[in-house]
Amino acid sequence: MAKVFETPLYPYARSADQDAPAPVRHPVVIIGAGPVGLTAAIDLARSGVPVVVLDDNDKVSFGSRAICFAKRPLEILDRLGCGQEMVDKGVVWNTGKVFFQDRKVYDFNLLPEDGHRRPAFINLQQYYFEDFLVRRAHALIAEGAPLGIRGKNKVIAVAPGTDHVTLDVETPDGSYRLEANWLIACDGAGSPTRSMLGLDFTGRVFEDNFLIADVVMEADFPTERWFWFDPPFNKGQSALLHKQPDGVWRIDLQLGWDIDKEVEKQPERVIPRLRAMLGEDVKFELEWVSIYTFQCRRMEKFRHGRVIFAGDSAHQVSPFGARGANSGVQDTDNLCWKLKLVLDGLAPESLMDSYDRERVQAADENILNSSRSTDFITPKSEISRIFRDAVLDLSEAFAFARPIVNSGRLSVPSTHDGSPLNGPDASDLPARTRPGAPASDAPTRDGWLLDRLGDGFRLVSLGVEVPDSIEQDGIIVKALRLDPDESPDLAERYLGRAGTALYLIRPDQHIAARWIAFDEIAVHAAIRTATGQNEEG
């Protein structure tokens, strides 16, 4: 593991921009080579958009950090060409167990239905996640993709203009200036970009602290998520146990509010806590220790002219629920196809406002769920604690109480209900695949549905005759014809009570519109709507 941390993956090298007589302008510059920035860079470069990534580091992040990666981000990574490697390395899990005091009260399955390529979650240390993304980026560069990653390039000033952004960058060889038609800030929760623009978060900071300890040990715990309320080894608090690759286990222990964080991170304080949980005979080594405070906050807007914020730079949630990195990857999935259309002149710049509309909605959902989880995990009054404990007692014997238990509502993709990009709906079709929803995977005769959708707009027909492709103002929408009887899962997810169906699906694999019959005029109108153009467009 130390080798992963120590090896420069994108070492500093002097760029031609540093010797140019005037600032060089790039179509897209991304600040931050973490999971979100790298995902955005790969997505854009694959579509032919030239992109430069700037980071003041040259290595993967230190420590495991994010570890739970959900089904939808894995599907996005499949589209980007690096999902399988992550699943192969990660620890696959679908089951969680909830404990109250010294007993298990119930368990749950996060993927209770068959017919999906990807599991509900994998556990994978963030340093491996970033390593796989860097490898994918380097592979694209070797193939000629217009992508550059510049390590030890620290952005020290950002000056937005009407049609571009100017950046001052500090390097080991001195400073230089460059310009970007569009700047994507993926520089984390402490975002220097946000600070340089005088912007801030609004939201809640919860009065509690949690210890994260990644330990290396040999243990026979199953590959499941275990969450304890008021366990004997951490009385009055909570705890979480997760398995990671390479014999590493993630342990979260609630500590309370009035603590000295630096003292609590010391091994002489951490090790006794872990021994109380694991037992005196279990041998383990500390790999990484951190303390975090729950924060559920976001920027008021994610788009500020030609500067766009994504991931933790735009929004923060508590770690329980795995909504941080997962929502950041989905930010980029929403953003990049829109930016590509705008740069190519195939959609108006106002399309970028739909990124703000849709991903603010997603952030608000995550913040709501994260705040509710935090309130349940850490009751703020004796009455709240009595209610919580009663719910936990009931959940052991009565299924009706289990949905009320909240040990962290785990990450699910947002459905963009009410989005200005949504087109017509057909009420006879299933609610789960309505306009705004992410397409649900299903087996087909020639492979998994999401693999067959690819990167562009798709017109998916089930029992409906459609042309091979439709062109609208330079945007080509290719047809994917499926038989309604290809699989029961496909029929259940896309037909419901109807005998036929037709879906317009966006490049980020969200549903744009759907019908039960083909109407060429209606399809053209829905394409214009999905690309931010008016009816006369």
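Annotations
- Near pairs, Cβ below 6 angstrom, 6+ apart or cross-chain, from segment 183-196 (open to solvent by 20 Å² or more (accessible area, probe 1.4 Å)) to any residue that is part of a loop (DSSP other than H, G, I, E, B): 187/32
- When residues in segment 209-244 are screened for being touching a strand residue (DSSP E or B) at 6+ places or on another chain (Cβ under 6 Å), of a type outside the set (Phe, Trp, Tyr) and either open to solvent by less than 60 Å² (accessible area, probe 1.4 Å) or part of a loop (DSSP other than H, G, I, E, B) (or both), 20 of them pass.
- Contact annotation: no residue pair with Cβ atoms under 8 Å, 6 or more positions apart or on different chains, pairs a residue in segment 449-462 that is touching a residue at least 60 places away in the same chain (Cβ under 8 Å) and under 12 Å from residue 494 (Cβ atoms) with a partner that is in a loop (DSSP other than H, G, I, E, B) and open to solvent by 30 Å² or more (accessible area, probe 1.4 Å).
- Residue count, segment 443-497 (criterion: on the phi > 0 side of the Ramachandran plot and among the small types (Gly, Ala, Ser)): 5
- Any hit, segment 67-75, residues being among the acidic types (Asp, Glu), in contact (Cβ under 8 Å) with a residue 24 or more places away in the chain and buried (at least 19 other Cβ atoms within 10 Å of the Cβ): yes
- Within the set 248, 263, 270, the sole residue that is touching a residue at least 60 places away in the same chain (Cβ under 8 Å) and among the hydrophobic types (A, V, I, L, M, F, W, C) turns out to be 248.
- Of note, residue 117 does not satisfy the criterion of being within 19 Å of the chain's Cα centre (by Cα) and not in a loop (DSSP other than H, G, I, E, B).
- Any hit, segment 349-366, residues being in a helix (DSSP H, G or I) and more than 19 Å from residue 301 (Cβ to Cβ): no
- Enumerated strands (runs of 3 or more DSSP E) restricted to segment 429-503, each holding at least 1 residues that are among the small types (Gly, Ala, Ser) and buried (at least 16 other Cβ atoms within 10 Å of the Cβ): 458-462, 475-482
- Here segment 505-523 is the region considered, the condition is being more than 15 Å from residue 430 (Cα to Cα) and charged (D, E, K, R), and the residue that is surrounded by the fewest Cβ atoms within 10 Å (Cβ to Cβ) is 520.
- Among the residues of segment 250-276, those identified as open to solvent by less than 30 Å² (accessible area, probe 1.4 Å) and over 30 Å from residue 362 (Cα atoms) are 264, 270, 274.
- Residue within segment 475-486 that is farther than 16 Å from residue 431 by Cα, among the aliphatic types (A, V, I, L, M) and in contact with a Lys or Arg (Cβ under 6 Å, 6 or more places away or on another chain) present: yes
- Total residues in segment 8-57 satisfying the condition of being closer than 25 Å to residue 163 by Cβ and among the basic types (Lys, Arg): the figure is 1.
- Hits in segment 260-294 (condition: under 32 Å from the mean Cα position of the chain (by Cα) and among the charged types (D, E, K, R)): 260, 261, 262, 264, 265, 273, 285, 287
- Of everything in segment 349-374 that is among the acidic types (Asp, Glu) and either open to solvent by less than 60 Å² (accessible area, probe 1.4 Å) or touching a residue at least 40 places away in the same chain (Cβ under 8 Å) (or both), the residue that is farthest from residue 437 (Cα to Cα) is 353.
- Residues of segment 157-187 classified as closer than 24 Å to residue 130 by Cα and more than 27 Å from the chain's Cα centre (by Cα), total: 4
The values are calculated or read from the model by the stated rules, or taken from the named source; none is laboratory data. What you are looking at is a predicted structure, and each value in this text was computed from that prediction instead of being measured. Don't worry about glycine lacking a Cβ; one is built from the backbone with ideal geometry, like all the others, and counts go over all protein chains shown. Just so you know, the surface numbers come from the protein's heavy atoms only, side chains and all, with ligands and any DNA or RNA stripped out. Shrake-Rupley method; radii C 1.70, N 1.55, O 1.52, S 1.80 Å.
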